[in-house]
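All remarks here apply to the structure that follows.
The values are calculated or read from the model by the stated rules, or taken from the named source; none is laboratory data. These figures come from a predicted structure and were not determined experimentally. When we count neighbours, we look across all protein chains shown, and the Cβ atoms used for this are built from the backbone with ideal geometry, even at glycine. Side chains are part of the model used for accessible areas, which takes the heavy atoms of the whole protein and leaves out ligands, DNA and RNA. Shrake-Rupley method; radii C 1.70, N 1.55, O 1.52, S 1.80 Å.
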Amino acid sequence: MLIKKPSDIRPSEITSQTNYLNRRDFIRAGAIAGGTLLAPNALGALVPEGRLAKLPGVIESPYSTDQEPNSYDDITTYNNYYEFGTGKGDPVVYARDFEPRPWTITVEGEAEKTGTFDFEDFVKPFDLEERIYRMRCVEAWSMVIPWVGISLAAVVKHLQPTSKAKYVAFETLNDPERMPGVRRRVLDWPYREGLTIAEATNPLPILAVGLYGETLPNQNGAPIRLVVPWKYGFKGIKSIVGIRFTERRPQTSWNMSQPREYGFYANVNPEVDHPRWSQARERRIGAGVFASKQPTLMFNGYGEQVAHLYKGLDLRRNF
Ligand code: MTE
């Protein structure tokens with residue numbers, strides 16, 4: 001991954017706490033109404049109010065961290081999305097006119113339910129949950145993000161993988177017409193990622209369709225992207241158009257690009273340095289350039305829920 005100097009980092013302020021509390025009230029009101037307000041299949045059908053459309057019927061998740069989320073500004077202006085440029089400030093500019101509708105997701109491989117699904121139909125059977133997760137990027141910065149998403153485990157179960165399915169592979173849209181960054185071969189497009197079936201059926205990963213209670217902004221991976229909170233941020237593949245259940249380990253973009261630096265697992269691990277820098281500490285975006293770095297936690301602090309997935313695995317070799 002290209003590295004940025006501290007001077008490139010926007011020291012924007014944390015919060016807009018009042019706004020966030022208002023949004024949470026809205027979400028709570030939706031949860032109390034218990035779906036009688038509007039069913040999740042009305043997703044995207046609401047008229048945008050100020051920013052992007054509010055998502056109806058969002059329920060709060062017990063998996064959320066109680067850490068203060070980063071501001072909407074931090075989350076939507078400091079991004080990695082190489083299909084829209086390699087600079088952190090590129091995606092907010094170059095993805096602005098991207099139209100994430102109509103959108104289809106193709107499911108292939110070792111599963112009973114394969115085929116091409118319209119995005120709205122794909123997400124309809126599942127609860128929309130708000131999950132506030134810590135995100136730790138491989139470049140040693142972090143954020144706390146209030147995602148809205150559906151449980152990946154629930155999606156996988158619904159698609160009924162066969163006994164041969166050992167992995168789930170994901171692919172991003174590869175459209176040079178709509179994604180200017182794809183015209184340059186900075187990566188071998190399409191962007192690809194993958195998880196083991198055990199990882200994909202753990203309760204933590206979500207397919208995010210929103211943040212701060214609203215539709216997902218383009219620069220964050222609209223209309224649907226992966227979030228795996230115990231792994232480095234690059235596993236969180238954006239704008240997914242393909243899901244494939246496989247017997248063999250799938251290829252993943254950063255591993256293909258620089259195998260010595262980026263492994264398949266990419267579990268957050270303060271003890272295993274990146275070949276070019278330490279992973280022991282992280283800088284929280286929004287805390288200001290002079291704020292001290294904080295120690296990085298094993299599995300990004302989610303060890304209790306996921307450490308068992310890697311029992312007996314040498315995490316230095318399987319990085
Ligand atoms: N997905 C695609 N398709 N293309 C990308 O360049 N970048 C990854 C990941 N998903 C990327 C991607 C990286 S390196 C990170 S850190 C996260 O997205 C950043 O997500 P965010 O911009 O929403 O914070």
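Taking Cα centroids, how far is the range 294-319 from the range 152-200 in Å?
After rounding, the separation between the Cα centres reads 22 Å.
Using the heavy atoms of the protein chains alone and a 1.4 angstrom probe, what is the accessible area of the range 31-263 per residue in square angstrom?
Each residue of the range 31-263 exposes 39 Å² on average to a 1.4 Å probe.
Based on Cβ point charges of +1 for Lys and Arg and -1 for Asp and Glu, what charge dipole magnitude is obtained for the range 152-278 about its Cα centre, in debye rounded to the nearest 20?
Here the range 152-278 has a charge dipole of around 280 debye.
In the range 70-125, which GluC sites (Glu not before Pro) are in a loop and have at most 16 other Cβ atoms within 10 Å, using DSSP for the loop call?
Glu112
What is the set of long-range amide H partners of Tyr167 at a cut-off below 5 Å, with H atoms built 1.01 Å from backbone N?
Excluding prolines and chain starts, which carry no amide H, the hits are Ile197, Thr246.
Would you please give the FRET efficiency between Ser278 and Glu304, computed as 1/(1 + (r/R0)^6) with r the Cβ-Cβ distance and R0 = 30 Å, to the nearest 0.05?
Numbers: r = 25 Å, r/R0 = 0.82.
Computed FRET efficiency for Ser278 and Glu304: 0.75.
By the gyration tensor of its Cα atoms, with a ≥ b ≥ c the square roots of the eigenvalues, what is the shape of the range 31-263: rounded for a/c under 1.5, prolate for a/b over b/c, or oblate? Present the calculation step by step, with values, prior to reporting the outcome.
On the way: a/c = 1.36, a/b = 1.09, b/c = 1.25.
Because its axes are fairly even, with a/c under 1.5, the range 31-263 counts as rounded.
Let me check something: with ligands and nucleic acids excluded, how do His158, His274 order by accessible area (1.4 Å probe), largest to smallest? Mind dumping the intermediate values first?
On the way: His158 65, His274 10 Å².
Final ranking, largest accessible area leading: His158, His274.
Got a number for carbon plus sulfur as a percent of the range 47-130's accessible area, 1.4 Å probe?
For the range 47-130, the apolar C and S fraction of the accessible surface comes to 47 percent.
Could you work out how far apart the two model spin labels at Glu60 and Ser292 are, taking each label as a point 7 Å from the Cα in the direction of the beta carbon, and quote it in nm?
So the label points at Glu60 and Ser292 sit 3.2 nm apart.
By average Cβ neighbour count within 10 Å, what is the ranking of 209-215, 58-64 from highest down?
So the order, starting with the most tightly packed, is 209-215, 58-64.
Return an integer: the convex hull volume of the alpha-carbon atoms of the range 143-222, in Å³ per residue.
Value for the range 143-222: 132 Å³ per residue.
Cβ neighbours within 10 Å, averaged per peptide: list 252-259, 231-238 in order, most packed at the top.
Listed from highest to lowest mean packing, they are 231-238, 252-259.
Once fully extended, how much extra length lies between Met256 and Glu271, figured as 0.36 nm per residue of separation less the alpha-carbon to alpha-carbon distance? Provide the component values of the computation, followed by the final result.
Working: separation 15, 0.36 × 15 = 5.40 nm, distance 2.33 nm.
Contour length minus Cα-Cα distance gives 3.1 nm.
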